[in-house]
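In what follows, a single structure is set out as structure tokens and then discussed.
Read-outs: derived from the displayed coordinates by stated rules, not from any lab. It should be emphasised that the depicted structure is a prediction, and the values quoted were computed from it without experimental measurement. All Cβ positions, even for glycine, are placed from backbone atoms using ideal geometry, and neighbour counts span all protein chains on display.
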Amino acid sequence: MSKPTVTRSQGTVAVDAAGILADLRELIHSARHRVATVANAEQTLLYWRLGKRIRTEVLGGDRAAYGGQIVVSVSRQLEMEFGKGFGEKNVRRMVQFAEVFPDEEIVVSLLQHLGWTHFLALLPIKAPLAREFYAEMCRVERWPVRTLRQKINGMLYERTALSKNTEAVIKAELVNLRDGQMTPDMVFRDPYLLDFLGLQGAFSEKDLENAILREMERFLLELGSGFTFVARQKRMSVGKDDFYLDLLFYHRFLRRLIAIELKLESFKPAHIGQMELYLRWLDKHERATGEESPIGLILCAGTDAEQVELLQLDGKSIRVAEYLTELPPVDLLRSRLHLAIELAREQAARRGVDE
């Protein structure tokens with residue numbers, strides 16, 4: 001808040017009225033924002049409690065057969081007394097809200113950053129773990145409703161490494177996220193959707209790099225919250241040779257540098273040696289006190305799941321992902337991602353049996 005200017009002239013005091021008015025406006029807007037935030041949270045919690053009461057006392061057990069008629073009757077009465085927000089359609093949404101978010105403590109924690117419209121966007125998600133992932137990421141990264149919908153439509157959960165783990169691992173990671181701990185599996189995804197770069201026909205790695213830098217804001221949104229751009233063509237002198245890393249970022253939640261190499265070709269095992277060199281150089285010369293060791297991301301035009309699995313890259317802090325400059329039909333993308341998830345879980349299950 002700015003401090004009003006006070007001047008003295010011939011025994012009189014002149015006060016900067018414009019400065020005081022600006023400060024008063026700031027106080028009013030700030031107070032109104034806090035009131036609106038509290039009011040929205042209370043309203044959403046009310047909706048949850050109404051939904052829970054109706055679900056357990058009206059629709060529960062043997063009452064389900066005639067409970068629907070009671071919901072219609074009750075909602076009509078509530079709508080007459082309290083307005084359209086309590087019509088039958090919204091009341092049934094409240095019941096669904098209490099059904100898919102049964103833990104009031106979790107709902108209360110989410111209410112700090114999620115409003116009723118956030119929850120309305122989450123309700124249609126059928127997979128409980130996916131729904132919980134979006135809710136927690138929305139809370140951590142403070143997405144507005146529009147961004148949340150974009151992430152859901154862009155199948156963010158299915159593209160994360162997290163979704164390809166077993167259910168037990170996913171649940172454990174979500175508990176960690178709720179406790180404020182974010183892991184690389186929540187940050188990295190495959191594929192990355194880079195259709196916004198506008199690249200068509202033949203293009204070079206330099207074209208791809210320039211397009212990313214030109215659309216840096218949108219590229220950062222696709223990478224996810226927490227990424228900060230550090231450098232392009234980062235020079236690394238090793239002996240008598242110089243090497244150049246395409247893009248270098250820092251992730252504030254992971255507290256580590258992220259090295260990104262761009263490849264126009266499909267993934268090849270030879271790419272790993274180059275990235276290992278970059279990571280060791282960064283670990284020796286750029287890693288600051290308190291930071292975790294750097295992670296490498298190789299963005300390729302295509303990937304081979306079997307090759308990536310055999311190379312056991314997690315132990316080397318290297319991730320491989322495909323990028324798409326033209327989006328396939330959403331149904332094809334969805335089926336492809338679900339197939340990748342199933343294959344990854346089968347591989348994880350086989351590793352568990354071998355161990």
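Report, for region 190-324, the % of DSSP beta bridges that are antiparallel, rounded to 5.
Here the antiparallel bridges make up roughly 55 percent for region 190-324.
Dividing the alpha-carbon radius of gyration of region 186-306 by 2.2 N^0.38 Å (N being the number of residues), what value is obtained?
Numbers: Rg = 14.4 Å, N = 121, 2.2 N^0.38 = 13.6 Å.
Here the Cα radius of gyration is 1.06 times the empirical estimate.
What ranking do V330, V140, V169, V95 get, fewest neighbouring Cβ atoms within 10 angstrom at the top?
Numbers: V330 11, V140 17, V169 14, V95 23.
Starting with the residue having the fewest Cβ neighbours, the order is V330, V169, V140, V95.
Can you give me the Cα centroid spacing of region 167-215 and region 79-142 in angstrom?
Each part reduced to its Cα centre gives a spacing of 27 Å.
If you take the charge dipole of region 190-324 about its Cα centre, with +1 on Lys and Arg Cβ and -1 on Asp and Glu Cβ, which of V320, V238, M275 is farthest toward its positive end?
Among V320, V238, M275, the one farthest towards the positive end of the dipole of region 190-324 is V238.
Among L59, T44, A17, pick out the residue whose Cα is farthest towards the positive end of the charge dipole of region 15-103, where Lys and Arg carry +1 and Asp and Glu carry -1 on C-beta, about the Cα centre.
With unit charges placed on the Cβ atoms, the residue in question is L59.
What are the ³J(HN,Hα) couplings of region 51-58, residue after residue, when phi is run through the Karplus curve with 6.51, -1.76, 1.60 and θ = phi - 60°? Round to Hz, x for glycine and proline.
x, 5, 5, 5, 5, 7, 9, 10
Using modelled backbone amide H atoms (1.01 Å from N, in-plane), which distant-in-sequence or interchain residues come within less than 5 Å of R319's amide H?
It is G296, L297, I298, by chain and number.
Put one equal scatterer on each alpha carbon of region 15-103, apply the Debye formula with no solvent term, and list log10 I(q)/I(0) at q = 0.11, 0.19, 0.25, 0.26 1/Å to two decimals.
These q points yield log10 I(q)/I(0) values of -0.46, -0.86, -1.19, -1.23.
Taking neighbour Cβ counts within 10 Å as the exposure measure, how do M236, M80, M275 sort from fewest upward?
M80, M236, M275
In terms of Cα to Cα distance under 27 Å, which lysines are near enough to K263, apart from those fewer than 8 places away along the same chain?
K151, K164, K206, K234, K240, K284, K316
Put +1 on the Cβ of each Lys and Arg and -1 on the Cβ of each Asp and Glu in the chain; which of A301, V35, L110 then has its Cα farthest toward the positive end of the dipole?
V35
Taking the Cα centre as origin and putting +1 on Lys and Arg beta-carbons and -1 on Asp and Glu beta-carbons, what dipole magnitude results for region 69-108, to the nearest 20 debye?
Numbers: 5 positive and 7 negative charges, 68 e Å.
Here the size comes out at about 320 debye.
Note down the magnitude of the dipole of the chain about its Cα centre, charges +1 on Lys and Arg C-beta and -1 on Asp and Glu C-beta and zero elsewhere, to the nearest 20 debye.
Dipole size: approximately 1160 debye.
Evaluate the distance, in nm, between pseudo-label points positioned 7 Å from the Cα of L21 and of K240 along their respective Cα→Cβ axes.
Distance between the two pseudo-spin positions: 7.3 nm.
Could you state the per residue volume, in Å³, of the convex hull enclosing the Cα atoms of the chain?
243 Å³
Return E132, E286, E205, E306 ranked ascending by Cβ neighbour count within 10 Å, so the fewest neighbours appear first.
In increasing order of surrounding Cβ atoms, one gets E306, E205, E286, E132.
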